[in-house]
Amino acid sequence: MNVSVFPYDLDGVASDGGDGRLAQQGRLDEQPGSEPRDDLMRRVAAFVAPVAADAGAVSDDPLSLDVADAMYGAFGDLDAEGGLTRAELAAACADLCDEAAFNNRFHAFEQLGMLQPVRGKAHQVRYVFNPTSVAALLVFERLAEAGGVSEIMTLLDRTRDGIRSGVVGRRQVDANLASIRRAFAVHADHLLRVVRQAPLTELLVEHRHHRDTEHLLTDARDVVGLVATRFPELAGVGQRLVAEALRYSSAVAAFIDRLLDEASARRDFSMLDAEQYLTAALRSSRDDLAAVFARTVFDPSSLWVSPDEVLHAVEGVRPRVSRFRPARPDEHPSGPDPIDAARRRSEAARRRRLRAAEDLLQGADEVDVTSRLRATGWPGVATLVASMLTAAADGALPYDVDLSDAVLIDPDAPVTHLTPVRVRRKAAPPARAPALDRDEEPVDG
Amino acid sequence: MVEMPRDGAVMLARLRATRGLSRPHDPAKLRTLRAAAGRAGRVLIQTRTGDGPGVLLGWLEGSEPPGGDAGVGRRQAAPTVLLTFAVCLRACWPDPTHEPYPGAAASERQVLAALAALTSDVGQVGEASRGAERHHKGALRLLRATGLLDPDPECVRLGPVVALWPPADVACLRTFYQQLPAPPPEETG
């Protein structure tokens, strides 16, 4: 299916050609498959024309058909085995027409034999519905739904069944084939005339009656094949039938093309049935489907970005902190090594303490330094005592300090309260005292 | 920008498809285009582009595409795309006292460098770094395709969609301009 419908105009609004004609045609609110009542009445008039007494023999008022339908419904739905009275029929039609119109139609139906009186009681007349009229109503219904094309299909089916069951003879088959061929010819001519001349409204009415062309063509070929087998002498008739069926099929194709042209020009989706769109969607190639929107304008794709979102995205991202310890630099930093300097300061302090202790001992192993302390005065005595006690506490230095329990008090001396102190060497003195650094740093303490 | 056709509907169609057109010199053409836009719920927005006066297509008040719970989904930008756009916005809008559109051109290298500085781990190298750059380049392609950036792949410029921002949005961004990530200076040579 190669549909090139352009459904929307450039403003994105469904178009009806500017004059609202499509809306007035009211197709969407019709029951699917049916046609407007006026069209049906014209079709019914054409249907009974072969037996009409004059041009006014068939009412052009759809009300007549509606009243007949209502009466048919009443007979079918109510318990009407013994017939229905005129009053009961009037009640069934009360919603459709007034009493005068009902009387008019009732009289006509009775005169033509659709309603047949039965006399059960002397004072009461009841009516029954003529089964032939039932057939007529069913035919009218089929006319409304499928026009006359369904009659071709019915005749094809009947002919095929008759040949298979052997109940129809050669003459009957010959007559049926001729009848079917003529029907195809009339429908093909009619369609070609519609394609050339008919307005859109007539196209839409006809469209409903030519939906199953493929099925019809298949049935015709099937029947002709059957005829060629059973009645070889009718093969020529069958071929003429197939040729006419193909002409009808071509006419339907031309009709559909015209309809699609109209649909494209008017940008109207409703010209094809929902089922036809579904079939197109399921069976068409991707290119064919894309062709539908080949001339449709779309806005380019867009992205919804607001200032809040932009700022929020920025707030959500901070430069990340490194998760790795930076590598140790390959070279030592310039300047003195602080650890080495501390070690050197500690060594220097130890050497000072050792030197002070040896200064007090003067080579002896034990000496009383009380008089030396008294002579040193304040605050030198405190520094000297602290130095001696630190040297005694340092395990690396071989000195002990003995503090007496006595206290020497002299109010006039620089050191008023003094404890006698002895310094003692614990072992042999080191062979050689640590060398003194000439450039050693001053040490607090 | 593309030359303007004569028919109003075709003019509008071309404007919708291309996002922006040169402003018609003929006042009658401009009136025709404005009328066609109005019938479609759109409004013409005149702007100045690098090529001269141009027209863009905005929405008439009350005709904007619905959002939220109206059943019409709006395509939302991913965080990477938003961050990429933030960098582009700062790079192409050097002076916040002026309007952001058309702004100035920046190089893609500048934008990618700024994004790398924002999002890369220290010491991130090799495939991880290249993967992040691929994401950022993909975001730039998306921003160009959606009109937030100019489609020219040779440089980074703000797109026509930016010109449609309402004044309140521009004022908001102007207030928080310093929060937008600044690109590194362009290397010379």
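The values are calculated or read from the model by the stated rules, or taken from the named source; none is laboratory data. All figures in this text were calculated on a predicted structure; none of them were measured in a lab. Neighbour counts run over all protein chains shown; Cβ positions are idealised from the backbone, glycine included. The area values use the complete protein model at the heavy-atom level, side chains included, leaving out ligands, DNA and RNA. Shrake-Rupley method; radii C 1.70, N 1.55, O 1.52, S 1.80 Å.
Check whether at least one residue in the range A:127-143 is closer than 30 Å to A:Ala74 by Cα, outside any helix (DSSP H, G or I) and of a type in the set (A, V, I, L, M, F, W, C), and report yes or no.
Residues of the range A:127-143 that are closer than 30 Å to A:Ala74 by Cα, as a first pass: A:127-143.
Now narrow it down to the ones that are outside any helix (DSSP H, G or I): A:127-130.
Adding the requirement that they be of a type in the set (A, V, I, L, M, F, W, C) leaves A:128-129.
Within the range A:127-143, one or more residues are closer than 30 Å to A:Ala74 by Cα, outside any helix (DSSP H, G or I) and of a type in the set (A, V, I, L, M, F, W, C).
Before we move on, is A:Arg182 open to solvent by 60 Å² or more (accessible area, probe 1.4 Å) and not in a loop (DSSP other than H, G, I, E, B)? First the steps, then the outcome.
On the way: open to solvent by 60 Å² or more (accessible area, probe 1.4 Å): yes; not in a loop (DSSP other than H, G, I, E, B): yes.
Yes.
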### Query
Taking the range A:280-305 on its own, how many of its residues are at the interface with chain B (Cβ under 7 Å from one of its Cβ atoms) and part of a loop (DSSP other than H, G, I, E, B)?
7
### Task
Take the range B:152-162 and flag every residue that is open to solvent by 30 Å² or more (accessible area, probe 1.4 Å) and either more than 9 Å from chain A (Cβ to nearest Cβ) or free of Cβ contacts under 8 Å to residues at least 40 places away in the same chain (or both).
B:Asp152, B:Pro153, B:Glu154, B:Arg157
### Message
Checking B:Asp26 against (1) in contact with a strand residue (DSSP E or B) (Cβ under 7 Å, 6 or more places away or on another chain); (2) modelled with pLDDT under 90: exactly one of these is not met. Which one?
### Response
(1)
### Message
What's the total number of residues in the range B:89-117 that are within 16 Å of B:Pro185 (Cβ to Cβ) and in a helix (DSSP H, G or I)?
### Response
13
### Task
Confirm whether A:Asp66 is at pLDDT 70 or above, not in a helix (DSSP H, G or I) and not small (Gly, Ala, Ser).
no
### Task
Any chance you could count how many residues in the range A:129-173 are acidic (Asp, Glu) and open to solvent by less than 50 Å² (accessible area, probe 1.4 Å)?
0
#### Entry: Unique match (being modelled with pLDDT of 80 or more and either farther than 30 Å from B:Trp165 by Cβ or more than 14 Å from chain B (Cβ to nearest Cβ) (or both)) among A:Arg345, A:Arg351, A:Arg328, A:Arg323
A:Arg345
#### Entry: Of all residues making up the range A:190-225, the number that are closer than 17 Å to A:Ala253 by Cα, acidic (Asp, Glu) and touching a residue at least 40 places away in the same chain (Cβ under 8 Å)
2
### Subset of the range A:367-382 (residues that are under 16 Å from A:Asp402 (Cα atoms) and outside any helix (DSSP H, G or I))
A:Val367, A:Asp368, A:Val369
### Query
Assuming A:Ala23 fulfils every condition listed in (1) hydrophobic (A, V, I, L, M, F, W, C); (2) surrounded by 15 or more Cβ atoms within 10 Å (Cβ to Cβ); (3) at pLDDT below 75 apart from one, which condition is it?
(2)
